[in-house]
Amino acid sequence: MTIRLASPRGVRHMPVMAYEPPGHCGFCGGVLAPVAGKPGQRLCREPACGKITYLSPVPVVAAIVERRGQVILVRGLGWPPSWYGLVTGFLEPEESPEAAARREVREELGLAVEASRLIGVYAFSRMNQVIIAYHMPAEGEIALDRSELEDFKEVPLEKLRPWNFGTGEAVRDFLAQRQRR
Ligand SMILES: [Zn+2]
């Protein structure tokens, strides 16, 4: 997937990308119109179609990948040089969120996940997504998926800091949970 927004530190601004509701019907291509009292719906204006399009948030899985006491953050193709974020991805049909997160770690970093624990579930309203975040200790040598990622970096656990949007909430909770243990 392409939408992963994060920076490990110092980000004061929100990323420019944001979700925009579709303007045209996915069934017939007709123009979509708002529905009174239903902010999560759009109605096709073509009388012969008239289908409703739902603007429901899309689930996204995220992994805090820990290896040898360091968390691995990735930079997507075309991101500004200072942006690094968690490994993330969309679910495939019939895939569990946990399996999807494991698969993304394997595909994007080439690492085998040894264990996983749910950190939390977060609304990312700006992108119309729901983030399901896991802590995933992993082993192996990193083989970056260059078709999706530009770079990665390893941040020692004690230097990891949450960012103030998107997957940053999961990082904040991960660090807080770690403190309590
Ligand atoms: Zn239509």
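Where a number appears in this text, it was derived from the coordinates with a stated rule and is not lab data. Quantities reported herein were computed from a predicted structural model and do not represent experimental measurements. Ideal geometry is used to build each Cβ from the backbone, glycine not excepted, and the neighbour counts take in all protein chains shown.
Take peptides 130-141, 114-125 and line them up by average Cβ neighbours within 10 Å, highest first, as a rough protection proxy.
130-141, 114-125
I want the antiparallel fraction of DSSP beta bridges within the stretch 14-161, as a percent rounded to 5.
Here the share of antiparallel DSSP bridges comes out near 80 percent.
Against the longest alpha carbon principal axis of the chain, how many degrees, from 0 to 90 and to the nearest 10, is the axis of helix 168-180 turned?
40
Can you compute the FRET efficiency between LYS51 and TYR19 using 1/(1 + (r/R0)^6), with r the Cβ-Cβ distance and R0 = 22 Å? Round to the nearest 0.05.
Efficiency, from the Cβ-Cβ distance: 0.60.
So for each of 169-180, 59-70 I average, over its residues, the number of other beta carbons within 10 Å; can you give me the resulting order with the highest mean first?
In descending order of packing, they fall as 59-70, 169-180.
Enter the angle in degrees (range 0 to 90, nearest 10) between the Cα long axis of helix 97-109 and the first principal axis of the Cα atoms of the chain, meaning the one along which they spread out most.
With both axes taken from Cα atoms, the answer is about 60 degrees.
Taking the highest mean first, how do the peptides 40-50, 21-31 order by number of other beta carbon atoms within 10 angstrom per residue?
Result, highest mean first: 40-50, 21-31.
For the chain, what does the helix formula give at 222 nm: sum of -39500 (n - 2.57) over DSSP H segments with n ≥ 4, over the residue count, nearest 500 deg cm²/dmol?
About -4500 deg cm²/dmol.
Which value results when the Cα radius of gyration for the stretch 56-133 is divided by 2.2 N^0.38 Å?
With N residues counted in the stretch 56-133, Rg over 2.2 N^0.38 Å equals 1.10.
Which number comes out as Rg/Rh for the stretch 78-176 once both Rg and the Kirkwood Rh are worked out on C-alpha atoms? Present the calculation step by step, with values, prior to reporting the outcome.
Working: Rg = 13.4 Å, Rh = 14.4 Å.
Ratio value, two decimals: 0.93.
How fast does the chain diffuse by Stokes-Einstein, in µm²/s, taking the Kirkwood radius from C-alpha pairs at 37 °C and 0.692 mPa s?
On the way: Rh = 17.6 Å.
Stokes-Einstein gives a translational diffusion coefficient of 187 µm²/s.
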